[in-house]
Every structure is written in structure tokens, then in C-alpha cells.
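Since the structure comes first, as C-alpha cells, the remarks are kept for the end.
The values are calculated or read from the model by the stated rules, or taken from the named source; none is laboratory data. Small disclaimer: the values here were computed from a predicted structure and weren't measured. A quick note on method: Cβ atoms are made from the backbone with ideal geometry, for glycine too, and the neighbour counts reach across all protein chains shown. The protein model used for the area step is the full one, side chains on, heavy atoms only, and it has no ligands, DNA or RNA in it. Shrake-Rupley method; radii C 1.70, N 1.55, O 1.52, S 1.80 Å.
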Amino acid sequence: MVFVIIGHLMGLAFPKSWTRAVGIDDHAYHLIATIPGSIAALAVLLGFAGLLYRRLKNRSVFLSTSASDKVMYILLGAALISGSFATFTLQLFDLAGTGGYDYRETISPWLRQLLIFNIEPELMANAPWQFKVHVIAGFTLIAVWPFTRLVHAFSAPVGYTTRPYVLYRSRDERTTPMRSNTAWEPIRSHREQLEGETPSHGA
């Protein structure tokens, strides 16, 4: 996800003139963005599949899954799958052809203008449908982000270094068994109970 986010920032925030100014031509940028981006997309899809498998197969995790979690997984999957599909079909499989779709001519300036409230829909009019679906899925995910578990991505672990240690206790039967915390103790002690249950030698 770190590489995916970096790739989106490079492609959407930095104009084409900036990369050309530092000596990176369009074909070189396409290779730099597409090959690592495809590897990152594949890694994210595998990680997402692992999360879904754990969520569905682990009973305790499945039982703790709320309705907002289910909506979040659907929207997150839609954003990841649509973005990966656009990358694979329009960018990766066209490395030896026309150089793929140049989203820095349309989608990137459209988004930058949108962020400063200068809407230019004509920039997105002729964009491939794969990118349009990815944009819709992405914005929908951002809209529900604060109401799901994804909000924890913005939490700063400030107290992590000073939090108390987590104590783990063994439940191995060969060690001292754990006593249950009851509100009262029986009149007879545990030892007396064992002696009372043990048959005498004359029996």
C-alpha cells in the first residue's frame, strides 16, 4: 500500500513538466510507473485476499465483523480491483506499444483542479472507462472512510512506546492451572476436597 500511495502521488500530484525538467522522458516515466506499480498492485491484491480469507475462515474474527466492515471490504475491493485492472489492461500490457494511456494529460490535471474547486469535466470526458470506474470507486471509498475501521489509518501511535507490556500467561496443563475469578470461595479448600474424594486404603 505504501508503494501504491507513492505511485498515486507521483502520477497525480506532479505535472508532466516536472518530470521532464529533471530529465525523465515520457517513455521512461511510463516504465518507472508501470512496472513497480504493477508489482505493488499484485502484492496489494494478494494481501487483500489474505485479509478476506482470515475474516471469513476465522470464526472469532467473522463474528466481530460489523455491517460497516462488510461495506468497507466491498468498496475497498472495488477500488483495488478496478485500479489494478486499469493498470494491467491499459498500462502493463502496452509496454511495447503506444506507451499506454497518458493519464497525466487528463486525469491528473482534472484532479488537481478539482482540489482547488475549479471543476473541468471535459478533461475526464474521453478518459478510458477503466479509469472512470476506478475514480468512482476511489471517491466512494473516501466518502465512507471516516465511518469504518479505515479511520485508524490516520491515528498516530504516539503512546505506543510508553504503553505497558502485554503479559502472556501459559495455559499449558503441565504448568499451574489458571484459577477462575469467582465472587466467593467454597467453604472447603481445594486440598480438602481432593482428600475427601480419594478412597481410603481399607475400602
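Brief remarks follow.
- The residues of the stretch 17-147 present an accessible area of 61 Å² per residue when probed at 1.4 Å with all protein chains retained.
- Electrostatic tally near L12: other residues with Cβ closer than 9 Å to its Cβ, Lys and Arg +1, Asp and Glu -1, net +2.
- Cα centroid separation, the stretch 106-158 to the stretch 44-66 (Å): 26
- Approximate spin-label separation V151-F14, in nm, with each point projected 7 Å along Cα-to-Cβ: 3.4
- Taking I5, I107 and ordering them by how much accessible surface each has at a 1.4 Å probe, largest first, produces I5, I107.
- Karplus-derived HN-Hα couplings along the stretch 136-143 (A = 6.51, B = -1.76, C = 1.60, θ = phi - 60°), whole Hz, x at Gly and Pro: 4, 5, x, 5, 5, 4, 5, 5
- Counted charge near Y29, where neighbours are those whose Cβ lies closer than 10 Å (Asp, Glu -1; Lys, Arg +1): 0
- Of the accessible area of the stretch 5-131, computed with a 1.4 Å probe over protein heavy atoms only, carbon and sulfur atoms account for 72 percent.
- With all protein chains in place and ligands, DNA and RNA left out, the 1.4 Å accessible area ranks D102, D69 as D102, D69, largest first.
- Seen from R104, the other residues with C-beta closer than 11 Å to its C-beta sum to a net charge of 0, counting Lys and Arg as +1 and Asp and Glu as -1.
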